[in-house]
């Protein structure tokens with residue numbers, strides 16, 4: 001379970017004024033402590049044709065990071081939903097801002113007092129006392145926060161901009177039914193050069209560069225880097241190499257282990273189950289965003305699979321039929337089978 005007082009705030013927020021405010025602006029509080037930004041086109045609550053769309057644009061005061069999405073500010077949040085148009089990206093900026101105040105992971109490379117000042121100024125309507133409590137909680141429990149602070153102490157603030165941080169994807173992951181696992185200390189590597197081979201899914205963050213970099217949805221840190229309040233201990237999320245603790249149906253071992261690789265859909269189904277000791281459903285609008293985010297990941301992974309396996313879907317035969325029906329559209333089309341939701 002989440003550490004206190006976070007657990008009490010998400011479970012019982014009817015009478016405690018701090019808990020009520022926290023639950024009301026939970027997405028904003030999560031953004032204040034996120035290491036990675038989320039970039040999404042959110043659709044307004046009005047479902048009528050022509051409903052307005054709200055775009056989370058790059059953060060205006062910091063060219064190295066996206067704009068902070070503060071979430072809903074309405075006093076009537078009970079019936080609100082989280083709806084998007086298009087896809088969702090998770091991004092990380094440089095270790096130091098090229099201009100303006102720091103945001104997201106950049107904030108963690110300052111001392112405790114400066115972190116508090118930056119977070120309270122970035123999102124003005126949040127309670128400073130709540131931010132201070134959450135900051136102490138995350139610093140004490142989150143391995144990303146503690147390792148970033150270690151880098152600051154080892155190299156000093158003047159040298160942070162000269163470093164490169166790599167969050168590797170090729171580490172041994174926990175299993176679906178095992179105890180929670182956390183990023184290894186060796187998962188964060190600092191270097192002063194740009195040479196060397198890396199896995200294509202590694203997260204490599206430089207000291208100074210313009211713009212942001214997209215985090216691969218296949219990386220085990222994809223979710224914990226943004227949903228800090230839902231992953232307060234920084235435990236790994238899903239990756240293609242995650243194994244189940246339950247043997248495969250045939251009983252045959254997989255990859256030298258008794259478990260089998262689980263799909264993203266299976267992992268998300270497990271995370272969405274209501275069971276004792278798990279509190280995902282208590283995170284309100286942040287949980288809604290979490291569900292939509294994972295749905296987009298699942299759909300994208302399915303489309304990627306279909307793109308790479310067109311031969312098994314007899315794509316050439318379907319393409320020939322299409323060319324015969326409409327000779328003006330000659331070319332290779334991507335075939336979606338009838339089993340794909342939203343397909344033909």
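What follows draws every value from the coordinates through simple rules; no lab data is involved. Just so you know, these numbers come straight off a predicted model, no measurement behind them. So basically every Cβ, Gly included, is an ideal-geometry build from the backbone, and we count neighbours across all protein chains shown.
Annotations
- From least to most packed, judged by other beta carbons within 10 angstrom and beginning with the fewest, 152, 126 follow the order 152, 126.
- Proxy reagent accessibility, fewest Cβ within 10 Å first, across 89, 222: 89, 222
- Packing-based order for 228-237, 92-101, 6-15, using average beta carbon neighbours within 10 Å, highest first: 228-237, 92-101, 6-15
- Protection proxy ranking for 286-296, 302-312, using the average of other Cβ atoms within 10 Å per residue and placing the highest first: 286-296, 302-312.
- The order of 130, 139, going from fewest to most other C-beta atoms within 10 Å of their C-beta, is 139, 130.
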